[in-house]
Protein chains: 2
Amino acid sequence: MSGGAVDPRLSINQATIKHADLATALRVTAAAGVQAIGLWREPVNAVGLDVAARMLAGSGLRFTTHCRGGFFTLPDGPERRAALDDNRRAIEETATLAAAGADGSTAILVLVAGGLPEGSRDLAGARERVRDAIGELAPDAAAAGVTLAIEPLHPMYVSDRAVVSTLGQALDIAADFDAAVVGAAVDTFHIFWDPEVLTQIERAGREGRIATYQVCDWKTPLPADVLLSRHYPGDGVIDFATLTRAVESAGYTGDIEVEIFNADIWADDPARVVRRTAETFGAAVSPHLAAVLDSA
Amino acid sequence: MSGGAVDPRLSINQATIKHADLATALRVTAAAGVQAIGLWREPVNAVGLDVAARMLAGSGLRFTTHCRGGFFTLPDGPERRAALDDNRRAIEETATLAAAGADGSTAILVLVAGGLPEGSRDLAGARERVRDAIGELAPDAAAAGVTLAIEPLHPMYVSDRAVVSTLGQALDIAADFDAAVVGAAVDTFHIFWDPEVLTQIERAGREGRIATYQVCDWKTPLPADVLLSRHYPGDGVIDFATLTRAVESAGYTGDIEVEIFNADIWADDPARVVRRTAETFGAAVSPHLAAVLDSA
């Protein structure tokens, strides 16, 4: 990376420009010189999967992940079955979009586990149901050529969003399955605090489970809505040098997404946000990348 | 425990009635039939240590913990030395208050590690400095007969309050020291989310490191100030049955503090708060206690 060039491994996760529709997201990402994008189901389904796939193909961008499946911590019943069926649709979408993206696209569906069911205090039970749900979905993912990426979320989201809280826990769940079918999402924001983070990144690499590497920053005070507490790389306290080198050393050579939930960034012009994302990624993350994109 | 009686192992942590001065805190705690109290340094020092010790003795209450020492993640320099000197004073206060409390009082100083120094991204370095600081303080604690209780705080506080984030990490630090001198604080709010929590509670018991067991509840959405997101036992999603039985099975037979930071509870009448604390403890925690107070 030298001055001004956009890192070829940078991918814009569409959530960073949440209020842009799919056409806008693809346009501003490509216009900034970014080569890859991760999409979200809602804007894809707003235009329909086939149209979305054609738009993606037309953009020339690589497709890196589909966000998101999961939310399957409910006990057996119609709601759980509906959630599993919805995940099966998400698997199909992922395969279709990966096929439509430019060479080097990856068919990865990010899974956010879901929180405790209403009225429940049984974290252990909810965690077992996550494992069971992945067991039900793994054959569908394998058939579609899709990798399910279990995303551990920061423990402040454990009760209402994701009962998978550490990379080690995600890897323990993934261990029951083929590494081509079930991996983990390594997101700096969610795991930087973990005293075991470097050990678990090394393990994730050794076990072939790093499905995607995502970056954004943490700083305090947290905003009133803690979901929106994510920042441009370099604007907070996360040590991207150490974490990025660990992910590289673990053998990850894929695209790297920036996924930011932040009300101020969402209110900004999407083209400017993508340019700023490329700049901050170039300053905070690119210097610590050793590998070249293996799929380029 | 039968209807209406206050659990003999309940201790009111003074932070639960933060705006009560020491005299009020002692009075409303004893008046509610609670037998024990954990104190905070600021209200103790507001009246002076000797006066505080006489007031505590006069209350007839057991003294359970002193809150709090720590905040020693700074690199070498005058500020770090001042923090260590302040911790030495806190050790002396702890010993004095434990001697003044009723039979069965315990000399435990709770340690909150502190966050990242301003401008730093070096969590690993800050964590090493915590270990070093405890190494400097351990001889003073041993000489005073005080146990230092390392408190892991929820990972949402990692950057600005406590770089010790899990019970396992606290035990790893404590392992370098005599178990009578350095233990851990087991607080449900901070560790309930941890997939390893039961394993680490069992380990803490086996290693003789459960210095204190503290309870309060977690629920979402978190308030704008996430420091104040603690609730009466039973008002949230924490499984007190499983965690309390684990702590009991690990051999803990001491007093159990309720420590709640919550703006609404702080705004309430302290006598009512203590009564409500005793009621909720009796409903959510007492049924899961097997052991009798060994020091009674």
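Things worth noting here:
- Using C-alpha pairs below 8 Å separated by at least 6 residues, the relative contact order for region B:213-278 is 39 percent.
- Inter-probe distance in nm under a simple model that places probes 7 Å from Cα toward Cβ, at A:D269 and A:A57: 3.3 nm
- Charging the Cβ of each Asp and Glu at -1 and of each Lys and Arg at +1, and nothing else, the dipole of the protein assembly as shown about its Cα centre rounds to 380 debye.
- Centroid-to-centroid, using Cα positions, region B:208-284 and region A:115-186 are 29 Å apart.
- The mean number of Cβ atoms from other chains found within 10 Å of a Cβ in peptide B:167-173 is 1, as a whole number.
- Fraction of antiparallel bridges per DSSP, the protein assembly as shown only, in percent to nearest 5: 5 percent
- DSSP assigns beta bridges within chain A; of those with both partners inside it, close to 5 percent run antiparallel.
- Shape of chain B, Cα gyration tensor, a/c cut at 1.5: rounded
- Charge context of A:V44, other residues only, Cβ under 13 angstrom, K/R +1, D/E -1: -1
- Within region A:166-206, backbone nitrogen closer than 19 Å to the virtual label 7 Å beyond the Cα of B:R131 toward Cβ: A:193-202
- Residue by residue along B:215-224, Cβ atoms of other protein chains within 10 Å of the local Cβ number 4 on average.
- Label distances, nm, A:A102 versus same residue in remaining copies, Cβ-directed 7 Å point: 7.5
- Dipole in debye (nearest 20) - region A:1-126, about Cα centre, beta carbon charges: Lys, Arg +1; Asp, Glu -1: 260 debye
- Between region B:52-99 and region A:10-84, the alpha-carbon center distance in angstrom: 54 Å
- Distances in nm from B:G33 to the matching label points in the other copies, shortest first (labels 7 Å along Cα to Cβ): 7.4
- Chain A: DSSP helices with Cα axial extent of at least 27 Å and average Kyte-Doolittle hydropathy no lower than -1.0: A:78-100, A:123-144
- Pseudo-label separations to other copies for B:D225 - Cα-to-Cβ vector, 7 Å, nm: 2.3
- Average beta carbon contacts from partner chains per residue of A:233-243, 10 Å cutoff: 3
- Placing unit charges on the Cβ atoms only, positive for Lys and Arg and negative for Asp and Glu, gives region A:10-288 a dipole magnitude near 400 debye about its Cα centre.
- Chain A: relative contact order in percent, alpha carbon pairs under 8 Å with at least 6 residues between: 20 percent
Every number here is computed from the coordinates shown, using simple stated rules; none is lab data. Since we're looking at a predicted model, the values are computed, not measured. Neighbour counts run over all protein chains shown; Cβ positions are idealised from the backbone, glycine included.
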